[in-house]
Amino acid sequence: MEVLSVASEAYPLVKTGGLADVAGALPAALRAEGVHVRTLLPGYPPVLAALGPAESAWVFEDFFGGPARLLAGTAGGLDVFVLEAPHLYDRPGGLYAGPDGRDFPDNARRFAALARAGADIALGLLPAWRPAVVQAHDWQAALLPAYLEYSGATRPGTVMTVHNLAFQGQFPPALLGALGLPPHSFSNLGVEYYGFIGFLKAGLLFADRVTTVSPTYAAEICTPEGGMGLDGLLRGRGSAVSGILNGIDAAIWNPAADALLAATFTATTAARRAANRAAVQARLGLAADAAAPLFAVITRLTWQKGMDLLPGAIATLLEAGGQLAVLGNGDAPLEAAVRAAAAAHPGRVGCSIGYDEQLAHLIQGGADALLVPSRFEPCGLTQLCALRYGTVPVVARVGGLADTVIDASPVALASGVATGVQFAPVSADMLAAAIRRTAALYRQPAAWQRLQANGMATDVSWRDPARRYAALFAEIAA
Ligand code: ADP
Ligand code: GLC
């Protein structure tokens, strides 16, 4: 089966978060299920630079305000279509915002163009390749099902995959015409959302199926608490909404052969993690203490991730004899708070403010516990990496965190199935309590080693998720 995946980022080409990891890894996993994916990406300079010999599959003379081309080739191990449109994607700054950190003023156009190109391919623009299913990822691709709907033509099956409901893509109604949407589309039964054009709203409404990245998040977004204004619509979609957990790329995240580690290891040689631990301590200016439980955080520093709660938990963590290593970047006040904590507790709290893949691997290979106190978490990938690397995840009981970690409750410990620590509700006090509980477990070597071993034995690969996507695609294939 041929599938078109439309995403605004894909690892290793361009990445701001887990969406890129998923868009980059799922195609290879689906291959094993007999599904061939082609991924449509915006022509950001790094994507074009990575594109091998490519064929110009289509030329648009005026596409959302400038000339554009659809290039077909391979990049970063993916079969791709790249929408080369310099007026939209070739500019300084990040994927969504300029160097000043502010969203590009023409993001509506930039990502409507991506969705429109995907819709055109879905409708047979390239006679040699027609997908049976189209998967649109997040708001950036979410107008695609709407374009198909308003084309009135026979179309492939469509899946709208939500990686994060907090980002919805809302734009002024005056843009309707410029985005190529018909006047009658601006209604409650169309793209209109609280007086704006809602990209994600449109995708959720018009796609044959809505998936999100964990079963618990799929349930949460159908409630007023988790629905971020879209819960009514989602409830209305009934059984068309489902959750499929993410996996991680087992080749990139493989502790037995990870070149970014100081020492590689397996479940039976987990003692070798000590070398990674020492390397993390040295890197972040932490005392070379072999006995202190080393807690770590690897994250975007944002409210979603509960990072404002972290400073309040540090006293507890230090009282419990722990050390804290933070790798992250994001909101300036949270970055400042982490820096201040490190300055206040030299040798006990260390940080690296920035995005650093090598250090992320090293920390996963050396830390004892990974803190993930997210207020909401569609799936979360760092806890999956932690499981595979023998770092015990300490997570908020929300979304995909609830689905992927088995809490070390007395019952789970007694039956030997626990893989980490969960806490709820998400507050500084409950985070502190979870840290105390984790430190106590750490001082029981047999129980701790069992937690680590169970985590490392957990299947966090894409195998099972890929099977589920393949089955879903088969149900809706045109
Ligand atoms: P989200 O997409 O919401 O940020 P995920 O847990 O799904 O959260 O994915 C985050 C991805 O980004 C993971 O691959 C994680 O290892 C990586 N990551 C996050 N922050 C950093 C950082 N500061 N340095 C390196 N990698 C990071
Ligand atoms: C989003 C979510 C995260 C998820 C990722 C990939 O960034 O915040 O929980 O793991 O997408 O699906």
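The values are calculated or read from the model by the stated rules, or taken from the named source; none is laboratory data. Since this is a predicted model, take the numbers as computed values, not measurements. Here the Cβ positions follow ideal geometry from the backbone for every residue, glycine too, while neighbour counts run over all protein chains shown. Just the protein is used for accessible areas: all its heavy atoms, side chains included, with ligands, DNA and RNA removed. Shrake-Rupley method; radii C 1.70, N 1.55, O 1.52, S 1.80 Å.
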With angles folded into 0 to 90 degrees, how steeply does helix 463-476 sit against the dominant principal axis of the chain? Use alpha carbons for both and round to 10. 20
Phi to ³J(HN,Hα) by Karplus 6.51 cos²θ - 1.76 cosθ + 1.60 over the stretch 79-91, Hz, x for Gly, Pro: 7, 10, 10, 10, 8, 7, 8, x, 5, 9, 10, 9, 7
Point-to-point label distance, L126-D429, nm (Cα→Cβ direction, 7 Å offset): 5.7
Using only Cα atoms, tell me the angle between helix 445-457 and the longest principal axis of the chain; keep it within 0 to 90° and round to the nearest 10. 20
What do you reckon, how do W58, W303 stack up by accessible area (1.4 Å probe), largest on top? W303, W58
Cα-based shape type of the stretch 9-125, given that a ≥ b ≥ c are square roots of the gyration tensor eigenvalues and the cut on a/c is 1.5: oblate
Taking the alpha-carbon centre of each part, the distance from the stretch 275-306 to the stretch 18-85 in Å is 36
Can you pull the semi-axes for the stretch 267-457, root of five times each eigenvalue of the Cα gyration tensor, sorted largest first, whole Å? 22, 19, 15
To the nearest 20 debye, what is the magnitude of the charge dipole of the stretch 267-457 about its Cα centre, counting +1 on the Cβ of each Lys and Arg and -1 on the Cβ of each Asp and Glu? 400
Whole-Hz Karplus ³J(HN,Hα) for the stretch 129-143, in order, using 6.51 cos²θ - 1.76 cosθ + 1.60 and θ = phi - 60°, x for Gly and Pro? 9, 10, x, 8, 9, 10, 10, 9, 9, 6, 4, 4, 10, 6, 6
May I ask for the angle, rounded to the nearest 10°, between helix 107-122 and the longest principal axis of the chain, with both axes built from Cα atoms and the value confined to 0 to 90°? 70
With θ set to phi - 60°, apply the Karplus curve 6.51 cos²θ - 1.76 cosθ + 1.60 along the stretch 284-292 and write out the HN-Hα couplings as whole Hz, x wherever there is a Gly or Pro. 9, x, 8, 4, 6, 9, 7, 9, 5
Any chance you could look up the accessible area of D308 with a 1.4 Å probe, heavy atoms only, rounded to 10 Å²? 70
Expected output is a single nm value to one decimal: the length gained when fully extending between A291 and D103, i.e. 0.36 nm times separation in residues minus the C-alpha distance. What is it? 63.1 nm
Alpha-carbon centroids, the stretch 185-255 and the stretch 458-478: separation in whole Å: 18
If amide H atoms are built 1.01 Å from N in the plane of the peptide, which residues on other chains or at least 5 residues away come under 5 Å of the amide H of G330? L301
Sorted by average packing, counted as other Cβ atoms within 10 angstrom per residue and highest first, what order do 326-334, 94-102, 464-472, 16-24 take? 16-24, 326-334, 464-472, 94-102
Sequence-distant or interchain residues sharing an amide H contact under 5 Å with A296, placed H: which? A325, A369, L370, L371
